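Report on the structure given below.
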Amino acid sequence: MEQHTYWQVLKNSDRTEGRGPMLPTDIAFTLQASALEFVKSDHYAKQYGVMGTPGSDYCVKEVTVFVYESMDEYNENRPERVEERKRQKALSKLSEEDRRVLGLEDN
């Protein structure tokens, strides 16, 4: 599994008044500073800007994606599976007495 974080450039779906929802474009940057520089550029203003104006900080969103090789790898790394492994590891460190006191075992 690989984890990638990037900065997605967004555009307003209503380029006339800017009252529409923000939608992702096909442009993203690995550096936030580069994404912000782009949305404040003339190119962004002409291509995506509301009434031809540059964008601002709200036109950039941090996105994290997880890339898996296979379905088996995905299933092994699902959050609930990872949490269960952490729980089992923590429980394995407890003595029989600790488990009984915590109510984790029948008397």
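The values are calculated or read from the model by the stated rules, or taken from the named source; none is laboratory data. Treat the numbers as computed from the prediction; the structure is a model and nothing was measured. Note that we place each Cβ from the backbone using ideal geometry, even for glycine, and neighbour counts take in every protein chain shown.
If you check Asn107, Asn77 for being under 20 Å from Gln3 (Cβ atoms) and either modelled with pLDDT of 85 or more or not assigned by TED's automatic domain parsing to the domain that holds Gln3 (or both), only one passes: Asn77. Among what's in segment 55-107 and is hydrophobic (A, V, I, L, M, F, W, C) and farther than 30 Å from Val9 by Cβ, pick the residue that is surrounded by the most Cβ atoms within 10 Å (Cβ to Cβ). This residue is Leu94.
Looking across segment 9-29 at every residue that is assigned to a loop (DSSP other than H, G, I, E, B) and of a type in the set (Asp, Glu), the one that is farthest from the chain's Cα centre (by Cα) is identified as Glu17. On inspection, Ala45 qualifies as more than 29 Å from Glu2 (Cα to Cα), assigned to a helix (DSSP H, G or I) and among the small types (Gly, Ala, Ser).
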